[in-house]
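Here the structure is laid out as structure tokens; the discussion comes afterwards.
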Amino acid sequence: MFTPKYRISDQLLANIKRISSLVEQLNNRRFSKVVIVEYERTAREVSTFASTSIEGNPLPLTEVKKVLKSKPANIRDSEKEVLNYNQALEHLNQLLQTNELDLSLKLILDIHKQVIGGLLPTFQVGKLRQLPVVVNDPRTGNMVYIPPEVEKVQALIDDLIIYINSNSKTVDPLILAGVFHKQMVVIHPFMDGNGRTTRLVTKVLLAKMGLNTFNLFSFENYYNQNVTKYFQTVGEYGDYNDLVAKIDFTNWLEYFTGGIIDELLRVTKLLPDTGVSPETRLESYHKEILKYIRQYRFITDRDYAKLTKRARSTRAKDLQYLTKLGLIEQKGKGKSTYYVLKEN
């Protein structure tokens, strides 16, 4: 059974705490629908450019934007890679709204099919590899890593999925997402498209923990800034069979969470101060309501009364205020009334 080796280093712990703080700050900011739509589009463009660029796609960001906007009929492979990745981003984001997107082999294979469709022979699209592969250094072309044999791939993927799903309640989701990312690179389950598929599934895992990188930012952008360091940190060097017992995920997890912090800070600086006005300002007690709902999924007036000394009529106004802003919505009636986060 797969059991990753890592330790909660001081750096990793600090990174996890910082991410939690930054995400809470972003969640407490309110933006107009126009602003959100624009940043979602930009995030998809940056993610598409960065993730395909990491794998050697030569198209610059300006060209990627043109391809996504015009969606030409007669396209080169480089343009097909861009369109495939963007389509997968949009499709997964739509599925996440239904809250029915759980980690499974089918999900991984479906994503691979979207990413690599039209770029590989049909029998290799959405299928685990049936041939041996090697990983070469993109700079020198020299072989640097020999992944596990074909016969081991299915079992290794199954073990990884079991590990992630069975530890979803006990292990920090950032660690689970990071472990999944590196172990997929180690297994190298496909003939091509491993990196793009892995990064997309990682985005799903992060989104399910509340860090939706489909919406505002692109952790792929961080990797693309120094592709060599990314490959050196996420990858391994040598023969899998000689390395498997010694692989330590700690250094990668520090890098992985550090990259999320870097991208969160970048986007936070770019976002306008939309919504910061007397009419839309969130006070500390409003933030307590939102924090409680994020933790427990809903809040009642009785729950809110335990968090504050505010009078009952004032508490009702607080809940109405957040409802008016479109942050929460009322469910039930009378004594059965409760409030949940409103899905945008």
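Quick notes on this structure:
- Boolean, Thr250 is assigned by TED's automatic domain parsing to the domain that holds Gln97, of a type in the set (S, T, N, Q) and over 23 Å from Ala14 (Cα atoms): no
- If you go through the stretch 189-206 and keep only what is more than 8 Å from the chain's Cα centre (by Cα) and surrounded by fewer than 23 Cβ atoms within 10 Å (Cβ to Cβ), you end up with Met191, Asp192, Asn194.
- Looking only at the stretch 228-255, and only at residues there that are part of a loop (DSSP other than H, G, I, E, B) and under 20 Å from the mean Cα position of the chain (by Cα), the one that is modelled with the highest pLDDT: Phe249
- Answer residue from the stretch 77-132, given it is surrounded by 12 or more Cβ atoms within 10 Å (Cβ to Cβ) and among the basic types (Lys, Arg) and is farthest from the chain's Cα centre (by Cα) among those: Arg129
- Taking the conditions (1) modelled with pLDDT of 90 or more; (2) over 28 Å from Ala207 (Cα atoms) in turn, Gly178 satisfies each one other than (2).
- Residue within the stretch 62-76 that is more than 30 Å from Leu322 (Cα to Cα), touching a helix residue (DSSP H, G or I) at 6+ places or on another chain (Cβ under 6 Å) and touching a residue at least 40 places away in the same chain (Cβ under 8 Å) present: no
- Qualifying residue in the stretch 179-187 (condition: in a helix (DSSP H, G or I), among the polar types (S, T, N, Q) and either in the same structural domain as Leu156 (by TED's automatic domain parsing) or under 20 Å from Phe2 (Cα atoms) (or both)): yes
- Looking only at the stretch 324-336, and only at residues there that are surrounded by 13 or more Cβ atoms within 10 Å (Cβ to Cβ) and free of Cβ contacts under 8 Å to residues at least 60 places away in the same chain, the one that is farthest from Arg302 (Cα to Cα): Ile328
- The residues listed here are Lys333, Lys306; of these, the one that is over 29 Å from the mean Cα position of the chain (by Cα), over 30 Å from Gly235 (Cβ atoms) and either in the same structural domain as Gly178 (by TED's automatic domain parsing) or at pLDDT below 90 (or both) is Lys333.
- Within the stretch 231-256, the set of residues being of a type in the set (Ser, Thr, Tyr) and within 16 Å of Met143 (Cα to Cα) comprises Tyr237, Tyr240.
- The lone exception for Pro60 - which of (1) modelled with pLDDT of 90 or more; (2) touching a Pro at 6+ places or on another chain (Cβ under 7 Å) it fails: (2)
- Matching entry among Asp239, Asp318 (being exposed (fewer than 14 other Cβ atoms within 10 Å of the Cβ) and either farther than 30 Å from Leu176 by Cα or of a type outside the set (A, V, I, L, M, F, W, C) (or both)): Asp239
- Residue within the stretch 280-288 that is surrounded by 13 or more Cβ atoms within 10 Å (Cβ to Cβ) and assigned to a loop (DSSP other than H, G, I, E, B) present: yes
- When the stretch 160-178 is filtered for residues that are more than 28 Å from Thr122 (Cβ to Cβ) and in a helix (DSSP H, G or I), the ones remaining, listed by number, are Ile162, Tyr163, Ile164, Asn165, Ser166, Pro173, Leu174, Ile175, Leu176, Ala177, Gly178.
The values are calculated or read from the model by the stated rules, or taken from the named source; none is laboratory data. Remember, it's a predicted structure, so these values are computed and weren't measured experimentally. Cβ coordinates were reconstructed from backbone atoms using ideal geometry, including for glycine residues, and neighbour counts include every protein chain displayed.
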